[in-house]
Amino acid sequence: PDSWWRETLLLTYGFARLDYREFAEKYLGWLSNRTKNGEIRLAGLELAGSALLEIETPDAADQQVQADKLVTVLQDQEIRAPAIVRARAGDTLARLGDPRPEVLTCEGMAFCEVPAGEFITGEDEEQKTLTLPGFWIGKYPVTVAQFDQFVQAGGYANPEYWAEAIKEKYWTQAGFKGRYDDEPRTALVDYGLPLTLPNHPVVGISWYEAMAYTRWLNEYLLRCAAGRSGSPWPELAAGKLKVALPTHEQWEKAARGTDGRTYPWGSEFDPDKANTDESGIGATSAVGCFPAGISPYGALDLSGNVWEWVLMDPGDVRGGSWDNESWYARCAFRFWPDPVDWGDVRGFRVSLSPL
């Protein structure tokens, strides 16, 4: 278990006051560069990054190099490593400075195309075949950094984004007031680290907040799409696509493909392919750090990490979370919380749907 050696090596580095480059290259080189064992390589890179962050004034260039190495290994589908190691690597990456614009910015958001056609929905005797038009699904859940752009843009103060909340009297000029809010608020609920790391999925989101965000994001991405090439940007700029929460059917097809599989990767659960209770992480994890849990269309984190709101009115959630057993993370499972509820297990992702 890495708890036997990780802190020992960090303390050795600290007490010996080694030069960081010497420590990373000589003492950790066999871990992060030479070994063919993917788990050890990922753990070694994370340890080297943690050691760098122990320096009082770490070199920014060293941080960037270490972050780039960590991303490369963390996103390698062929590397098998325990969920705990993956989660820790994602957290260290956030502290080093995650270099992935698709994770930290709205303008860099990545989308996966889901083509038109039939797919199998439901389970057992409720299983049936449906046909959907083509659409695009967010590659990742919306992250803390991406939701913060909405906050910084004054999204909580703009009534144009809050039609459903205004109707139910959950929004006023003072802000949004959910079930667990003592006072109206104009920003996220602060759950502390690691849930507030910028590359983690945003949590503490009610269905009303998710709906407001999609309206703001639609306006924002329309501006970003102008002049950009490569789908889906020209279609978005032309008004053929619109940002929204995915529908139940869209979310399920994006998660399981056309063959009715139980999880995005297949029929059997694997605790090293998703962040659920079995994985033992005990919190959210950086998006994309379980690449072997990829869906047939390229989307990640559709099982585990956070429950994701869908467009159903009132909103339902899909996918399970870090605090739920794998049974809840099945592609076909549906849960019906009150849409005004928020908590440290609820987030969302967006879709681009034909008008």
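Distance from the Cα centroid of region 338-355 to that of region 81-131 is 14 Å (rounded to whole angstrom). Under a 5 Å amide H cut-off, with hydrogens placed 1.01 Å from N, G304 pairs with G320, S321 among residues at least 5 apart or on other chains. Quick check: net charge around N324, other residues with Cβ under 11 Å of its Cβ, Lys/Arg +1 and Asp/Glu -1? Net of charged neighbours comes to -3.
Quick check on the chain: helices-only [θ] at 222 nm, where DSSP H runs of length 4 and up contribute -39,500 (n - 2.57) each and the sum goes over total residues. Nearest 500, please. Walk me through the numbers before you get to the answer.
Details: 10 runs with 108 residues, N = 355.
Counting only the DSSP helices, I get -9000 deg cm²/dmol.
Given the choices (i) 84, 48, 36; (ii) 63, 48, 43; (iii) 132, 43, 36, Cα extents along the principal axes in Å derived from the coordinates of this structure is entry (ii). The phi-based Karplus calculation (6.51 cos²θ - 1.76 cosθ + 1.60; θ = phi - 60°) puts the 3J(HN,Hα) values of region 244-260 at 7, 6, x, 6, 3, 5, 4, 4, 5, 5, 4, 7, 10, x, 9, 9, x Hz, whole numbers, x for Gly and Pro. Solvent-accessible area of the chain (1.4 angstrom probe, protein heavy atoms only): carbon and sulfur portion equals 50 percent. Between A67, A329, A116, the residue with the greatest mean-square fluctuation in the GNM of the chain (Cα pairs under 10 Å linked by springs) is A116.
Modelled spin labels at A238 and F15, positioned 7 Å past Cα toward Cβ, are 6.7 nm from each other. Pairing the Cα long axis of helix 207-225 with the longest principal axis of the chain, what angle in degrees results, from 0 to 90 and rounded to the nearest 10? Its long axis makes an angle of about 80 degrees. Charge tally for L96 (other residues, Cβ to Cβ under 15 Å; Lys, Arg +1; Asp, Glu -1): -3. When both bridge partners sit in region 241-355, DSSP labels roughly 75% of those beta bridges antiparallel.
Using the Karplus relation 6.51 cos²θ - 1.76 cosθ + 1.60 with θ = phi - 60°, the per-residue 3J(HN,Hα) values for region 269-285 come to 6, 9, x, 9, 10, 7, 9, 10, 4, 5, 6, x, 6, x, 5, 5, 10 Hz, with x marking Gly and Pro. Which angle between 0 and 90 degrees, to the nearest 10, do you get for helix 38-54 versus the longest principal axis of the chain when only C-alpha atoms count? The helix 38-54 is inclined about 80 degrees to the chain. Each label point was placed 7 Å from the Cα along the Cα-to-Cβ direction; for E219 and T247 their separation is 2.7 nm. Taking the chain as the reference, fit the longest principal axis to its C-alpha atoms, fit the long axis of helix 83-96 to the helix C-alpha atoms, and give the angle between the two in degrees, 0 to 90, nearest 10. Orientation of helix 83-96: about 90 degrees from the principal axis.
Compute and list, largest first, the equivalent-ellipsoid semi-axes of region 68-179 from the alpha carbon gyration tensor, each √(5λ) rounded to a whole angstrom.
Numbers: eigenvalues 191, 152, 44 Å².
Whole-Å semi-axes of the equivalent ellipsoid: 31, 28, 15.
Cross-link list K69/K139; K128/K240; K69/K253; K177/K253; K139/K169: which exceed 23 angstrom alpha carbon to alpha carbon? Table pairs above 23 Å Cα-Cα are K128/K240; K69/K253; K177/K253; K139/K169.
The antiparallel fraction among DSSP beta bridges confined to the chain stands at about 90%. Sequentially through region 5-13, phi angles give Karplus couplings (6.51, -1.76, 1.60; θ = phi - 60°) of 10, 4, 5, 4, 5, 5, 5, 4, 4 Hz, Gly and Pro residues having no value and appearing as x. Taking amide H atoms as placed 1.01 Å from N in the peptide plane, the amide H of V114 lies under 5 Å from those of F135, W136, I137, each 5 or more residues away in sequence or on another chain.
Between E125 and L355, the FRET efficiency estimated from the beta carbon spacing at R0 = 30 angstrom works out to 0.25. Amide H contacts for R80 (H built 1.01 Å from N in the peptide plane; partners 5 or more residues away or on another chain; cut-off under 5 Å): G38, E39.
Per residue, the chain exposes 44 Å² of solvent-accessible protein surface, assessed with a 1.4 angstrom probe and all protein chains in place. In this simple spin-label model, placing a label point 7 Å from the Cα along the Cα-to-Cβ direction at both T186 and A157 gives a separation of 0.4 nm.
The values are calculated or read from the model by the stated rules, or taken from the named source; none is laboratory data. Owing to the predicted nature of the structure, the values given are computational and were not obtained by experimental measurement. Cβ sites come from the backbone with ideal geometry, for glycine too, and all protein chains shown count toward neighbours. Accessible surface areas use protein heavy atoms only, side chains included; no ligands, DNA or RNA. Shrake-Rupley method; radii C 1.70, N 1.55, O 1.52, S 1.80 Å.
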